[in-house]
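Written below as structure tokens is the structure these notes are about.
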Amino acid sequence: MKKIGKIILLCLVGFAVIGTFYFLWKKSRPVKTEYEIVTPSIGDVETKTVATGKVEPRDEVLIKPQMSGIISELMKEAGQMVREGEIIARIKVIPEMVQLNTAESRIRVAEINLQQIRSSHERDEQLYQQGVVAREDYELSLATYKKAKEELENAIDNLDIIRDGITKKSAATSNTQVRATITGMILDVPVKVGNSVIESNTFNDGTTIASVADMNNMLFVGKVDETEVGRIHEGMPLKLTVGALDGQQFDAILEYVSPKGVEENGAIMFEIKAAVQIPEDVFIRAGYSANGEIVLKEVRNVLTVPENCIEFSNGSAFVHVLTQELPEQTFEKQYVEVGLSDGIKIQITEGLDEESKIRGSVITPGK
């Protein structure tokens with residue numbers, strides 16, 4: 001039994017040694033590499049740059065009051081359409097007591113003055129009819145009487161303006177009525193009934209009652225990196241993708257490229273603006289984020305190959321053309337002239353044709 005055990009042990013050791021030598025021999029043999037075979041094709045090549053930004057109305061107007069006071073009524077709300085001259089809000093004037101007292105006193109003085117002048121005018125009129133007073137003196141008395149009446153009316157109007165901000169004569173054009181200055185959509189109404197507002201004047205911008213914009217005239221406002229800004233110019237077409245509309249694309253025309261850059265996160269960015277062409281059945285809200293693709297260069301119907309098939313050395317480009325496929329792939333180095341590249345495929349201007357077969361990526365075993 002001991003002899004049989006020794007024989008079995010020796011056999012196991014022998015198999016292990018033979019297996020080891022076979023493994024080392026297998027590893028030392030050269031690996032046979034196979035490549036994908038690629039045929040050039042006719043296609044289009046274009047280089048693009050992408051500008052990130054948002055869609056905004058071209059003209060957004062802030063409506064501000066011409067009189068200070070308190071909002072007494074809001075006629076419109078955000079999202080509604082408004083026409084030029086249409087009332088958006090009404091303002092209640094809070095009078096200053098000193099001005100109010102002065103205006104009331106002015107009315108009383110005007111009434112006293114008018115009463116005195118009226119009595120004098122009535123006497124002059126009787127004397128004129130009797131031929132005692134000359135016509136010139138009568139006309140002077142009449143003019144004085146009319147001036148006194150006008151002064152009383154002015155005093156009453158002044159009191160109405162101080163107390164109510166409106167007069168009977170100018171009710172339709174009163175400053176207490178805040179009107180739209182353009183036709184469009186109300187984007188925002190940042191005030192509520194009861195809020196105090198300040199009039200727009202030389203020293204103050206005033207309180208914004210509403211913002212109104214024409215939503216049929218939209219702009220894409222984005223930014224481009226300094227490495228790309230030198231390759232774009234006004235009039236170039238853009239393809240605009242709005243994320244909120246499931247990637248729907250719109251045509252746009254570049255209208256403006258900023259002459260001055262702004263540093264953002266260590267990079268110099270330049271602002272661009274493009275007019276967006278929006279179909280009638282699509283509604284774009286102000287502030288939608290969007291990406292604008294600008295085609296910098298393009299060539300159409302040219303011979304192309306995947307860029308990973310091209311190798312570059314000493315300023316030259318070359319490919320490996322298949323010369324024999326069986327029993328083993330054999331390739332020959334072939335210099336080519338290349339053109340435009342989009343990072344995925346590259347234009348071949350010389351050195352290949354549509355019948356050529358070139359070496360592509362390595363075929364990984366098991367895939």
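In terms of packing, defined here as the mean over residues of other Cβ atoms within 10 angstrom, the peptides 254-262, 210-218, 292-300 line up highest first as 210-218, 292-300, 254-262.
Pairwise alpha-carbon distances in the range 31-88 exceed 20 Å for 65% of all pairs. Cα convex hull of the range 283-349: mean projected area in nm², to one decimal? Mean orientational projected area (the range 283-349, Cα hull): 8.6 nm².
Between Glu332 and Asp44, the modelled labels are 3.6 nm apart [label points 7 Å from Cα along Cα→Cβ]. From the alpha carbon centroid of the range 294-367 to that of the range 185-229 is 54 Å.
Under the rule a/c < 1.5 gives rounded, and otherwise a/b versus b/c splits prolate from oblate, where does the range 187-335 land using the Cα gyration tensor? Prolate. Could you go through the range 132-138 in sequence order and give the Karplus-derived ³J(HN,Hα) for each residue, using 6.51 cos²θ - 1.76 cosθ + 1.60 with θ = phi - 60°, rounded to whole Hz, and x for Gly and Pro? Running phi through 6.51 cos²θ - 1.76 cosθ + 1.60 with θ = phi - 60° gives 7, 9, 5, 4, 4, 5, 5 Hz.
Taking 7 Å steps out from each Cα toward its Cβ at Gln80 and Tyr256 produces label points 3.1 nm apart. Per-peptide packing, taken as the mean over residues of other Cβ atoms within 10 Å, places 344-352, 126-134 in the sequence 344-352, 126-134 from highest down.
Here, each number is a calculation from the coordinates, and none is a lab measurement. Everything numeric in this text was worked out from a predicted model, so none of it was measured. For neighbour counting, all protein chains shown are included, and Cβ atoms are generated from backbone atoms with ideal geometry for every residue, glycine included.
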